[in-house]
Amino acid sequence: MKRTVIFLTVVMALLMSVVSVTAVSAAGTPREYIIMAQGETSVSQTVKTQITAAGGTVTRDLSSMGMIVATSSNPNFKASIPSARAVMPNVKLQWLAPTKTIELDVDAATINNPPNTGDDDFYLDLQWGHDAVNALEAWNDPEPGRGKGVRVAVIDSGIDRNHPDISPNLNQALSTSFVPGESVFVQPNSTFNHGTHVAGTIAGADNGFGIVGIAPDAEIVAIKALSEFTGSGEWDWLVAAIKYAGDINADVINMSLGGVMDVRGSCDDPSDCYTAQDVVNLRESLARAVRYANRKGATVIAAAGNDGINFDDWNNRYLVNFPGAVPGVIAISALAPIGWATDPAHADFDIPTSYTDAGREYVDFGAPGGDTEYPGNENCTIATLTRPCWVFDLVFSAGRVYVDAAGVTRVSFFWAGGTSMATPHASGVAAIIIGWNGGSMRPDMVYAEMRRLANHVGPSTTTYFGQGTVSAQWR
């Protein structure tokens, strides 16, 4: 029998906001465009005819949201569809980019010697975010809040379907990829996978192994809209992924991703540019997708971003973060304790992280995202693990399953930090709330209940906390 070894990896996975956009098509060079019709529910035959006449080839039909994606080498293609509301470049964004990776090993004996907490999921004690959002209290309420009957769509970079904390709650049949050439299920022997970590925080199974999700009875559907190899994704992949999530009746859509654009447009390189009107139109295309999903009953939650931008600052007035700034999207900032492992019983979970984006009119709620601001490098011990104390301030969740060169099957877990990690805490809380309501709830009512349960920090609306810090404790 092959020996199973548990590996723990520390990853500081912060969202980046590099935007690569092509707005001009040189003659003979194919470019892809999103054509937006006047209405939101169909595309007229006139528009379709104009697309064909302009040399366009349809690559994705999003007619039920009033959009079509087409490729054309016609340099005047944008001006050749006069009956459309807008024609915009299908931009490609670098949504995700890890900035720090440290791998830590743990002896297999750890599995047989879990912490003395009474819980057999031996790494639950490392998940301080559960304490911050009062997840355990929700599990023990008179009507337990564990997300039963709730479907959560994780729009991300795919998922490791073999991880023992992921597979029990993963709907493999509905999981799908919108990234050409890439399966929704990540490649064997892959490294850190963003989507797997996110999914583990939302709904890791309470199965006597490893970690537990905030809503451990919820169902996960993985929808790949970002490349697992680069973290990049084309605009229409995201739009199509949101539509698909609505079509499969997802109750919550988690988007731990984000990219910043300049509302004035940008054309530093003539072959790689977008206009101010393109930004307006791209925002509307995402807004259409979100409204479509909202009408289908999906609560849409997204990362605020990790560029340290305060959108209240006048100097940042030309910047916008997508999809967090789109109407109908609940934007989540990141919070973290500093030195949690030094005194877990008295930790302050409401400290804005060093990287989180913020803004009174932008952020809806704050949630546990993790950080590395603890100034010391001494060791702490939590759940039988001894590591530098700062490591434990990051968010701990599912990693990967792979076979090493010696034929040993390894199961990994990761610490990571970012608003990417804060967002799934909020989505897990939303799943708990919907579960309390029998597994179905209008998005506006979910938001209202999240606001009611939130722990208020300072005034009613604040730069870093929005309406408060997310909480699942019934009151």
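The values are calculated or read from the model by the stated rules, or taken from the named source; none is laboratory data. Note that the structure is a prediction, hence the values are computed from the model and not measured. Positions of Cβ are generated from backbone atoms using ideal geometry, with glycine treated the same way; all protein chains shown enter the neighbour counts. In case anyone asks, the SASA skips ligands and DNA or RNA and just uses the protein heavy atoms, side chains included. Shrake-Rupley method; radii C 1.70, N 1.55, O 1.52, S 1.80 Å.
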Seminar exercise, completed: Per the filter on the range 162-192, residues at pLDDT below 95 and surrounded by fewer than 24 Cβ atoms within 10 Å (Cβ to Cβ) are 162, 164, 187, 188, 189, 190, 191, 192
For this session: Would you check if there is a residue in the range 297-316 being modelled with pLDDT of 95 or more, within 20 Å of residue 430 (Cβ to Cβ) and surrounded by fewer than 24 Cβ atoms within 10 Å (Cβ to Cβ)?
Result: yes
For this session: Could you tell me whether the range 87-95 includes any residue that is modelled with pLDDT under 70 and within 30 Å of residue 337 (Cβ to Cβ)?
Result: no
Exercise. If you go through the range 431-469 one residue at a time, how many are farther than 19 Å from residue 325 by Cα and either in a loop (DSSP other than H, G, I, E, B) or of a type in the set (Gly, Ala, Ser) (or both)?
Worked result: 14
Exercise. Does the range 373-391 contain any residue that is within 27 Å of residue 166 (Cα to Cα) and in a helix (DSSP H, G or I)?
Worked result: yes
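Tell me whether the range 412-425 contains one or more residues that are closer than 19 Å to residue 166 by Cβ and aliphatic (A, V, I, L, M). Spell out how you get there, then give the answer.
Applying the first criterion (closer than 19 Å to residue 166 by Cβ) to the range 412-425 yields 412-416, 420-421, 423-425.
Of the ones still in play, those that are also aliphatic (A, V, I, L, M) are 416, 421.
Yes - at least one qualifying residue is present in the range 412-425.
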For this session: Kindly indicate the residue of the range 259-299 that is among the acidic types (Asp, Glu) and touching a residue at least 12 places away in the same chain (Cβ under 8 Å) and also nearest to residue 29 (Cα to Cα) among those meeting that condition.
Result: 272
For this session: Select, from 341, 331, the only residue that is at negative phi, at pLDDT 95 or above, among the small types (Gly, Ala, Ser) and within 18 Å of the chain's Cα centre (by Cα).
Result: 331
Problem set entry | Qualifying positions in the range 435-475 - surrounded by fewer than 20 Cβ atoms within 10 Å (Cβ to Cβ), hydroxyl-bearing (Ser, Thr, Tyr) and over 25 Å from residue 291 (Cβ atoms) | 460, 462, 463
Exercise. Regarding residue 410, is this residue outside any loop (DSSP other than H, G, I, E, B), out of contact with any Phe, Trp or Tyr (no Cβ under 7 Å at 6 or more places or on another chain) and open to solvent by 10 Å² or more (accessible area, probe 1.4 Å)?
Worked result: no
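Of the residues that sit in the range 206-225 and are at pLDDT below 95 and not β-branched (Val, Ile, Thr), which one is farthest from the chain's Cα centre (by Cα)?
Here the answer is 208.
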Seminar exercise, completed: Counting only strands (runs of 3 or more DSSP E) wholly inside the range 39-94, the ones holding at least 2 residues that are touching a residue at least 24 places away in the same chain (Cβ under 8 Å) and in contact with a Gly (Cβ under 8 Å, 6 or more places away or on another chain) are 67-72, 92-94
For this session: Scan the range 204-219 and give yes if some residue there is more than 30 Å from residue 139 (Cα to Cα) and either open to solvent by 10 Å² or more (accessible area, probe 1.4 Å) or part of a helix (DSSP H, G or I) (or both), otherwise no.
Result: no
For this session: Determine if the range 284-295 includes at least one residue that is part of a strand (DSSP E or B) and open to solvent by less than 30 Å² (accessible area, probe 1.4 Å).
Result: no
For this session: Kindly provide the set of residues from the range 339-350 that are in contact with a Phe, Trp or Tyr (Cβ under 6 Å, 6 or more places away or on another chain) and surrounded by fewer than 18 Cβ atoms within 10 Å (Cβ to Cβ), ordered by number.
Result: none
Problem set entry | the range 245-258 residues that are open to solvent by 10 Å² or more (accessible area, probe 1.4 Å), paired with ones that are of a type outside the set (Lys, Arg) and modelled with pLDDT of 95 or more (beta carbon under 6 Å, 6 or more apart) | 248/174; 251/150; 251/434
Exercise. If the Cβ limit is 7 Å and pairs must be 6+ apart or interchain, which residue in the range 329-346 that is β-branched (Val, Ile, Thr) pairs with which residue that is open to solvent by 10 Å² or more (accessible area, probe 1.4 Å) and part of a helix (DSSP H, G or I)?
Worked result: 330/447
Exercise. Can residue 326 be described as over 30 Å from residue 375 (Cα atoms), among the β-branched types (Val, Ile, Thr) and part of a loop (DSSP other than H, G, I, E, B)?
Worked result: yes
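Looking at residue 322, is it open to solvent by less than 50 Å² (accessible area, probe 1.4 Å) and closer than 13 Å to residue 469 by Cα?
Judged against the criteria, residue 322 is not a match.
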